[in-house]
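Participant: Starting off with a structure, shown below.
The values are calculated or read from the model by the stated rules, or taken from the named source; none is laboratory data. This structure is a prediction, so every number in the text was calculated from the model and none was measured. Note that we place each Cβ from the backbone using ideal geometry, even for glycine, and neighbour counts take in every protein chain shown. With ligands, DNA and RNA removed, areas are computed over all heavy atoms of the protein, side chains included. Shrake-Rupley method; radii C 1.70, N 1.55, O 1.52, S 1.80 Å.
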Amino acid sequence: MEEIKMAQAHIYLCCGGGLSSGFLAQKARAAAKKGKIDATIEAKSESEVTQYLPKMDILCIGPHYEFRLNAFKDMAAPYNIPVIVIPEEIYSMLDGKALLELALLEIEEFYK
C-alpha cells in the first residue's frame, strides 16, 4: 500500500442502520493500524450523517445506497468532501484494507 502523506484521514461509512458498515469500518481500522496509517474510520447510520459532515474527509456509502448518491453529494457539497459508493465486492467481503486504500486514493485525487 502506498503511503499517502496527509494529516489524519477521517473516513465515514454509511449504510442503513450502520451495522454492516460498522463491521467494515472495524476491518478498515485494523488495516490502518497494521499499515501505520493515521485514520479515523467510523460507521454512521443515514440519519446521523449530516451531523458528522463537518468532520469528514470522505463519505463512503453502501452499494445499496447508490441510487441516493446524488442526494449524499448534495449534502456533502457545502463541506467540499467527496462521496463514493463502496463497491459491492469490498462491501460484501468486508474488505477493510481495500476500502481504506480506495478511500485514501479518492481523498488524494479529490484534493489535488
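Participant: Kindly check whether there is at least one residue in the stretch 84-91 that is open to solvent by 40 Å² or more (accessible area, probe 1.4 Å) and closer than 14 Å to Ala9 by Cβ.
Facilitator: Checking the stretch 84-91: not a single residue is open to solvent by 40 Å² or more (accessible area, probe 1.4 Å) and closer than 14 Å to Ala9 by Cβ.
Participant: So, in the stretch 10-25, how many residues would count as being closer than 20 Å to Ile81 by Cβ and either open to solvent by less than 20 Å² (accessible area, probe 1.4 Å) or touching a Gly at 6+ places or on another chain (Cβ under 7 Å) (or both)?
Facilitator: 9
Participant: I need a count of the residues in the stretch 56-75 that are in contact (Cβ under 8 Å) with a residue 40 or more places away in the chain and among the charged types (D, E, K, R).
Facilitator: Count: 1.
Participant: Only one residue in Lys44, Lys55 is within 13 Å of Ala25 (Cβ to Cβ) and either surrounded by fewer than 17 Cβ atoms within 10 Å (Cβ to Cβ) or in contact with a Phe, Trp or Tyr (Cβ under 7 Å, 6 or more places away or on another chain) (or both). Which one?
Facilitator: The unique qualifying residue is Lys44.
Participant: Right, next: Taking the condition of being outside any helix (DSSP H, G or I) and among the acidic types (Asp, Glu), how many residues in the stretch 61-112 meet it?
Facilitator: Residues flagged as outside any helix (DSSP H, G or I) and among the acidic types (Asp, Glu) within the stretch 61-112 amount to 1.
Participant: Tell me the residue from Ala39, Ala28, Ala32 that is hydrophobic (A, V, I, L, M, F, W, C), farther than 21 Å from Tyr111 by Cα and surrounded by 14 or more Cβ atoms within 10 Å (Cβ to Cβ), please.
Facilitator: Ala28
Participant: What are the pairs, 6+ residues apart or on separate chains, where a residue within the stretch 33-55 that is closer than 15 Å to Ala9 by Cα and hydroxyl-bearing (Ser, Thr, Tyr) has its Cβ under 6 Å from a residue that is open to solvent by 40 Å² or more (accessible area, probe 1.4 Å) and part of a strand (DSSP E or B)?
Facilitator: Short answer, once both residue conditions are applied: Thr40/His10.
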